[in-house]
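Worksheet for the structure shown next.
The values are calculated or read from the model by the stated rules, or taken from the named source; none is laboratory data. Everything numeric here is computed off the predicted structure, so don't read it as measured data. A quick note on method: Cβ atoms are made from the backbone with ideal geometry, for glycine too, and the neighbour counts reach across all protein chains shown.
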Amino acid sequence: MVDAPEPIISVEDLNFYYGESQALTNINLKVVRSQVTALIGPSGCGKSTFLRLLNRMNDLIAGTRVEGKVIFEGVNLYGPEVDPVHVRRRIGMVFQKPNPFPKSIYNNVAYGPRLHGLRDRAKLDELVERSLKAAAIWDEVKDILHQSALGLSGGQQQRLCIARAVAMEPEVLLMDEPTSALDPIATARIEELVKELKRNYTVIIVTHNMQQAARVSDETAFFYMGRLVEMGPTEEIFTRPRKEQTEHYITGRFG
Amino acid sequence: MSWHSLSARKMREALAFMVFRLAMLLVLLSLGGILLFVLIHGLGALSWEFISQPPRNSMTEGGIFPAIMGTIYLTLGAILVALPLGVAASIYLSEYASEGRVLRIVRLGIQNLAGVPSVVFGLFGLGLFVVFFGMGVSIMAGSLTLGLLILPTVIGASEEALRQVPSTFREASLALGATRWQTIRKVVLPAALPGILTGSILGIGRAAGETAPIMFTAATFYTLYLPDSVFSQVMALPYHIYVLATAGTHIAQTRPLQYGTVLVLISLVLGLSLVAIITRTRMRRTKKW
């Protein structure tokens with residue numbers, strides 16, 4: 001094994017409950033900076049729940065409880081002094097279904113920066129352009145920036161949502177099955193984009209598509225029934241899994 | 001099962017269908033009947049003078065201009081009272097309050113408020129606004145009373161409109177580091193606003209036509225003048241109709257004017273509803289979520 005690079009996120013003894021039922025059990029893992037980490041596993045295995053714990057989106061669901069630590073840049077995100085709003089500014093998220101606001105393309109991207117006080121028109125213009133370029137959608141929308149985002153195709157909307165998240169200049173980008181509502185061509189573009197994004201961001205992506213995990217990720221974590229079964233370099237997970245369950249899943253014996 | 005019983009079942013089905021169709025027809029007929037009746041009797045009274053002049057000669061001549069203006073003032077006043085209050089309450093109910101017993105009781109209270117007879121609102125307004133707060137019989141007191149009357153409608157419409165904003169919008173905003181209030185202000189409210197407004201206007205149409213809440217709080221039998229402040233009394237269409245039909249000394253002579261007034265009032269209310277319905281349909285068409 002090579003020396004472990006410095007993790008940007010380390011999760012320690014994480015347990016998560018929806019009311020009485022336990023959704024995640026004793027999760028321990030480290031996410032490496034500037035890499036793409038894929039979370040795979042059958043439906044209901046807790047991978048999406050886990051992802052949403054990383055930017056405290058599960059706080060919004062009543063009756064949930066978290067034990068353990070998520071340490072991001074040396075700070076436990078579940079420490080009493082941490083404001084979830086601040087967490088979400090530094091750890092962005094892209095959702096399963098494209099969810100642009102019913103606003104113009106420009107205003108979608110400018111939404112986050114404006115919330116946090118950026119008013120300067122020139123700076124906003126520049127940031128919007130940079131974000132749209134980073135999400136590989138600039139060329140398609142540069143002439144229609146002030147038209148409604150709802151007029152875009154699904155794949156374009158999803159790249160817009162990525163641009164919107166990128167505009168916050170987060171350190172980590174969480175993606176929750178970002179291509180599950182898209183056609184194969186749009187999916188391929190998003191996958192290309194994910195590989196690009198890791199130059200500037202740490203990406204954690206949930207996917208039910210194992211080929212996608214194999215194509216885009218550096219590290220893969222396999223979840224099963226609320227537990228982390230195995231995590232390692234993607235190539236190893238897919239060619240020489242250490243656990244039998246992992247092997248069964250990636251060879252398609254269940255899931 | 002024999003063929004015979006099957007056809008009997010078909011007959012029963014046809015019968016039930018006919019009963020329902022008849023019920024619907026009856027509803028339509030009564031609405032159409034009322035409208036036609038008012039139209040036939042009222043159309044003759046309509047003239048430019050009728051809608052632009054005050055009454056003359058013990059109400060037997062002239063027009064209803066002060067009453068039209070009074071109703072418009074009272075309706076606008078009711079909107080100003082009920083819209084901010086109702087929208088704020090519905091934001092609390094649907095965005096902040098967590099489901100539970102307290103919320104159920106509050107909702108029950110609002111539903112019951114909607115069931116309170118309008119004359120009770122009138123007496124309540126008289127006691128609280130006119131007497132206790134010393135507003136006198138005035139536009140102010142009448143607007144507040146009417147505002148309370150339509151509050152449940154506004155809250156209902158707003159809650160419905162807020163509920164229809166997809167939760168994915170809220171999630172997207174929160175995930176960008178917005179606070180709840182920022183999310184409501186910048187994403188949820190703008191998306192819900194058309195629904196809130198049109199839903200509320202439908203309720204407001206009702207306020208425009210109410211007599212009981214304003215008869216003790218705002219309306220006056222007769223004034224030549226338009227109000228000069230919110231503490232003035234006003235004439236109002238529904239009250240005018242009531243007065244002409246029951247308390248006048250020349251009931252027979254004023255009858256054409258009564259029908260004319262009814263026609264104007266109904267047109268105003270239906271017009272308001274029509275505007276709301278058209279706007280809503282148009283906005284639903286452009287809305288894509």
Positions within the stretch A:73-89 being touching a residue at least 40 places away in the same chain (Cβ under 8 Å) and within 14 Å of chain B (Cβ to nearest Cβ), in sequence order
A:Arg89
Close pairs from the stretch A:146-158: first within 11 Å of chain B (Cβ to nearest Cβ), partner part of a loop (DSSP other than H, G, I, E, B) and loosely packed, with under 14 Cβ neighbours inside 10 Å, Cβ under 6 Å, at least 6 apart
A:Leu150/B:Lys288
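Determine, yes or no, whether A:Val85 is hydrophobic (A, V, I, L, M, F, W, C), surrounded by 16 or more Cβ atoms within 10 Å (Cβ to Cβ) and under 20 Å from the mean Cα position of the chain (by Cα).
Values: hydrophobic (A, V, I, L, M, F, W, C): yes; surrounded by 16 or more Cβ atoms within 10 Å (Cβ to Cβ): yes; under 20 Å from the mean Cα position of the chain (by Cα): yes.
Yes; evaluated as a whole, the condition is true for this residue.
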Being on the phi > 0 side of the Ramachandran plot and either within 14 Å of chain A (Cβ to nearest Cβ) or in contact (Cβ under 8 Å) with a residue 12 or more places away in the chain (or both) narrows it down to one residue among B:Gly199, B:Gly177, B:Gly209; which is it?
B:Gly177
Of the residues that make up the stretch B:96-118, is at least one within 14 Å of chain A (Cβ to nearest Cβ) and of a type in the set (Ser, Thr, Tyr)?
yes
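Take the stretch A:50-71 and flag every residue that is more than 14 Å from chain B (Cβ to nearest Cβ) and crowded, with 21+ Cβ neighbours inside 10 Å.
The first filter runs over the stretch A:50-71 and keeps only residues more than 14 Å from chain B (Cβ to nearest Cβ), leaving A:50, A:65-71.
If the condition is that a residue be more than 14 Å from chain B (Cβ to nearest Cβ) and crowded, with 21+ Cβ neighbours inside 10 Å, then A:Phe50, A:Val70 are the ones that fit.
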The helices (runs of 4 or more DSSP H) lying entirely within the stretch B:67-164 that contain at least 1 residues which are of a type in the set (D, E, K, R) and modelled with pLDDT under 90 are B:101-115
Report yes if A:Asp13 is among the charged types (D, E, K, R) and not in a strand (DSSP E or B), otherwise no.
no
Failed item, numbered, when B:Gly33 is tested on (1) more than 23 Å from the chain's Cα centre (by Cα); (2) exposed (fewer than 15 other Cβ atoms within 10 Å of the Cβ); (3) more than 30 Å from B:Val188 (Cα to Cα):
(1)
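Take residues that are over 22 Å from the mean Cα position of the chain (by Cα) and tell me which of the helices (runs of 4 or more DSSP H) falling wholly in the stretch A:98-168 contain 2 or more. Quick ask: steps written out before the conclusion?
Numbers: elements: A:105-115, A:121-134, A:138-141, A:154-166.
Counting at least 2 such residues, we get A:105-115, A:121-134, A:138-141.
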Taking the conditions exactly as written (loosely packed, with under 14 Cβ neighbours inside 10 Å and charged (D, E, K, R)), does B:Arg285 satisfy them or not?
yes
Within the stretch A:109-127, how many residues turn out to be away from chain B (no Cβ under 14 Å) and under 24 Å from A:Gly151 (Cα atoms)?
3
Kindly indicate the residue of the stretch B:158-174 that is without any contact (Cβ under 8 Å) to a residue 40 or more places away in the chain and of a type in the set (D, E, K, R) and also nearest to the other protein chains (Cβ to nearest Cβ) among those meeting that condition.
B:Glu171
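Do the conditions hold for A:Tyr106, that is, is it of a type in the set (Ser, Thr, Tyr), within 9 Å of another protein chain (Cβ to nearest Cβ) and either surrounded by fewer than 19 Cβ atoms within 10 Å (Cβ to Cβ) or out of contact with any Cys (no Cβ under 7 Å at 6 or more places or on another chain) (or both)? If you could, list the steps in order and put the result at the bottom.
On the way: of a type in the set (Ser, Thr, Tyr): yes; within 9 Å of another protein chain (Cβ to nearest Cβ): no; either surrounded by fewer than 19 Cβ atoms within 10 Å (Cβ to Cβ) or out of contact with any Cys (no Cβ under 7 Å at 6 or more places or on another chain) (or both): yes.
No; evaluated as a whole, the condition is false for this residue.
Just one of A:Arg215, A:Arg164, A:Arg227 is modelled with pLDDT of 90 or more, among the charged types (D, E, K, R) and under 16 Å from A:Gln96 (Cβ atoms); which is it? Don't jump to the end; show me each part of the working.
On the way: A:Arg215 fails: under 16 Å from A:Gln96 (Cβ atoms); A:Arg227 fails: under 16 Å from A:Gln96 (Cβ atoms).
Every option except A:Arg164 fails the conditions.
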Just for helices (runs of 4 or more DSSP H) wholly inside the stretch B:165-260: which have at least 3 residues that are closer than 25 Å to B:Phe124 by Cα?
B:189-209, B:212-215, B:237-246
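Residues in the stretch B:226-241: is at least one within 14 Å of chain A (Cβ to nearest Cβ) and either in contact with a Phe, Trp or Tyr (Cβ under 6 Å, 6 or more places away or on another chain) or more than 28 Å from B:His41 (Cα to Cα) (or both)? Step through it out loud before you land on a result.
Here is the first cut: in the stretch B:226-241, the ones within 14 Å of chain A (Cβ to nearest Cβ) are none.
Within the stretch B:226-241 (the criterion being within 14 Å of chain A (Cβ to nearest Cβ) and either in contact with a Phe, Trp or Tyr (Cβ under 6 Å, 6 or more places away or on another chain) or more than 28 Å from B:His41 (Cα to Cα) (or both)), the answer is no, since none of the residues qualifies.
Suppose the filter is within 30 Å of A:Leu60 (Cα to Cα) and surrounded by 17 or more Cβ atoms within 10 Å (Cβ to Cβ); does B:Ala191 pass it? Spell out the reasoning first.
Details: within 30 Å of A:Leu60 (Cα to Cα): yes; surrounded by 17 or more Cβ atoms within 10 Å (Cβ to Cβ): yes.
Answer is yes for this residue.
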